[in-house]
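Here the structure is laid out as structure tokens; the discussion comes afterwards.
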Amino acid sequence: MSDIALPYKKEVGEIAASLVQDGMIVGLGSGSTATCFVESLGRRVTQQGLRCIGIPTSVATAKLAISLGIELTDFIHHSVIDVTFDGADEIEEGSLNLIKGLGGALLREKIVAAASKKLVIVADETKMVKQLGEHTPVPVEVTPFGWESTAHQLSHLGAQVAQRWGNDGKLFITDGGNIILDCHFKEVKDARKLERDIGSVVGVVESGLFIDRTAEVLIAGSHGIKRLEH
Ligand code: 5RP
């Protein structure tokens, strides 16, 4: 399927890569926009001799980074990340809170974001919303054992819960060996409380609500690149 936003994703990916400075430890996001960033970063590494070390947020991003000649590290060697560039599924105007995880990498993405001095979101303008939950469900990563019970508890929070399936017709399994429950809420009025409530359900590993984590958003669209700061 063709992606009409691809030129925007490439543009914002290139701007993001230009912000990486020599010697930085960089969180490498997942998804199609983050892929554009990683590809641009790879070009800077191989063509301009930029020295940086990446921490990937998924197995797919790790493979991509290695194929592009980007050196990788892990949390044993580096516990603090200078800056992470990642995509998002929804970005709330004003708060810059996010829904992430439609690509299924939300757990590693949140761990990497939490270890970062700065989280910069790269996206195209279709991702901006007035209130989270407008277009997308809240992805919730849960342990496979007892998922039916976990889903039941999540439905008590007002969600219509759907198990995530992959494009191959098989149950979607995350890099951490868990499954994803997509939680459709009629409205997400208080995202901060919802993140806490979802997190307190036994069996939940992590939710795709990213509250107060974004420092900056780079949005690409017909107007060029817009920069929003928290
Ligand atoms: C993956 C994510 C991605 O960042 C999110 O899905 C955005 O992806 P894309 O840039 O392809 O729209 O959270 O878990």
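The values are calculated or read from the model by the stated rules, or taken from the named source; none is laboratory data. Bear in mind the structure is a predicted one, so any value in this text is a computation, not a measurement. Here Cβ is always computed from backbone atoms with ideal geometry, including for glycine, and neighbour counts include all displayed protein chains. With ligands, DNA and RNA removed, areas are computed over all heavy atoms of the protein, side chains included. Shrake-Rupley method; radii C 1.70, N 1.55, O 1.52, S 1.80 Å.
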Selected residue [in contact with a strand residue (DSSP E or B) (Cβ under 7 Å, 6 or more places away or on another chain), modelled with pLDDT of 95 or more, under 23 Å from Phe37 (Cβ atoms) and not charged (D, E, K, R)] from Leu194, Leu171, Leu209: Leu209
Answer from Gly69, Gly54 - the residue that is part of a loop (DSSP other than H, G, I, E, B) and open to solvent by less than 70 Å² (accessible area, probe 1.4 Å): Gly69
Where Gly94 falls short, out of the listed (1) more than 8 Å from the ligand (Cβ to nearest atom); (2) of a type outside the set (S, T, N, Q); (3) under 22 Å from Gly13 (Cα atoms): (3)
Condition met for Ile25 (crowded, with 20+ Cβ neighbours inside 10 Å, farther than 30 Å from Val142 by Cβ and hydrophobic (A, V, I, L, M, F, W, C)): yes
Pair list, Cβ under 9 Å, 6 or more apart: the stretch 80-98 residue under 18 Å from Leu19 (Cα atoms), other residue open to solvent by 30 Å² or more (accessible area, probe 1.4 Å) and near the ligand (Cβ under 9 Å from one of its atoms): Asp86/Gly31; Gly87/Gly31; Gly87/Ser32; Gly87/Thr35; Gly87/Gly103; Gly87/Lys127
Residues located in the stretch 191-214, provided they are in contact (Cβ under 8 Å) with a residue 40 or more places away in the chain, within 16 Å of the ligand (Cβ to nearest atom) and not β-branched (Val, Ile, Thr): Ala191, Glu206, Ser207, Gly208, Leu209, Phe210, Arg213
Counted residues, the stretch 126-174 - those being more than 16 Å from Gly203 (Cα to Cα), open to solvent by 70 Å² or more (accessible area, probe 1.4 Å) and in contact (Cβ under 8 Å) with a residue 24 or more places away in the chain: 5
Asp22 within 12 Å of the ligand (Cβ to nearest atom) and in a loop (DSSP other than H, G, I, E, B): no
Candidate set from the stretch 29-40 (those that are within 11 Å of the ligand (Cβ to nearest atom) and not small (Gly, Ala, Ser)); member that is most open to solvent (accessible area, probe 1.4 Å): Thr35
Residue in the stretch 74-81 that is loosely packed, with under 14 Cβ neighbours inside 10 Å, at pLDDT 95 or above and within 16 Å of the ligand (Cβ to nearest atom) present: no
